[in-house]
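See structure below.
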Amino acid sequence: MYRTGLMKIDDLEAHEKLALGGLIRVLIRVDGSFSEAEEEALNAVAEDIGGADALWRVISQSAQELRDDDAIRENAQKVVRPEARTMIRETLEGIALAETIEPSEQRLLDWVDETWGLKS
């Protein structure tokens, strides 16, 4: 479940920001649509972690530097700080919870959990 009080975007290292932005991009496109509810959830979550402008900047930067899902996943595997992993994972879940989590979204969350060893 999404929690507030996480690290802020500015606390992330450059590669962690790219991972956050890239994984959000994957999340919002895996179910085939980016609904108004998801956009509202993204902006609400953004306020908890440093603001919508800052979050949209990392999303945009990830689009410039990480061209496809393979590059995004490869970059995400470089995130090693537990607090950064937790912040990114909980941010993703906070956005996904805008609506019912679709199976495609859950697969991404499961991949993150498995890759980072967050849940058993």
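Throughout, read-outs are computed from the coordinates displayed, never taken from laboratory work. Small disclaimer: the values here were computed from a predicted structure and weren't measured. Because the Cβ atoms are built from the backbone with ideal geometry, glycine has one as well, and the counts that use them run over all protein chains shown.
See the values below:
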{"quantity": "Qualifying residues in segment 5-33 (those that are part of a loop (DSSP other than H, G, I, E, B) and under 14 Å from the mean Cα position of the chain (by Cα)) - the one surrounded by the most Cβ atoms within 10 Å (Cβ to Cβ)", "calculated": "Leu12"}
{"quantity": "Residue list for segment 14-31, restricted to those being touching a residue at least 24 places away in the same chain (Cβ under 8 Å) and not hydrophobic (A, V, I, L, M, F, W, C)", "calculated": "His15, Glu16, Lys17, Gly21, Gly22, Arg25, Asp31"}
{"quantity": "Selected residue (only one of Ala37, Ala44, Ala54 is loosely packed, with under 14 Cβ neighbours inside 10 Å and either more than 20 Å from Val112 (Cβ to Cβ) or out of contact with any strand residue (DSSP E or B) (no Cβ under 7 Å at 6 or more places or on another chain) (or both))", "calculated": "Ala37"}
{"quantity": "Subset of segment 11-47 [in contact with a helix residue (DSSP H, G or I) (Cβ under 8 Å, 6 or more places away or on another chain) and among the basic types (Lys, Arg)]", "calculated": "Lys17, Arg25"}
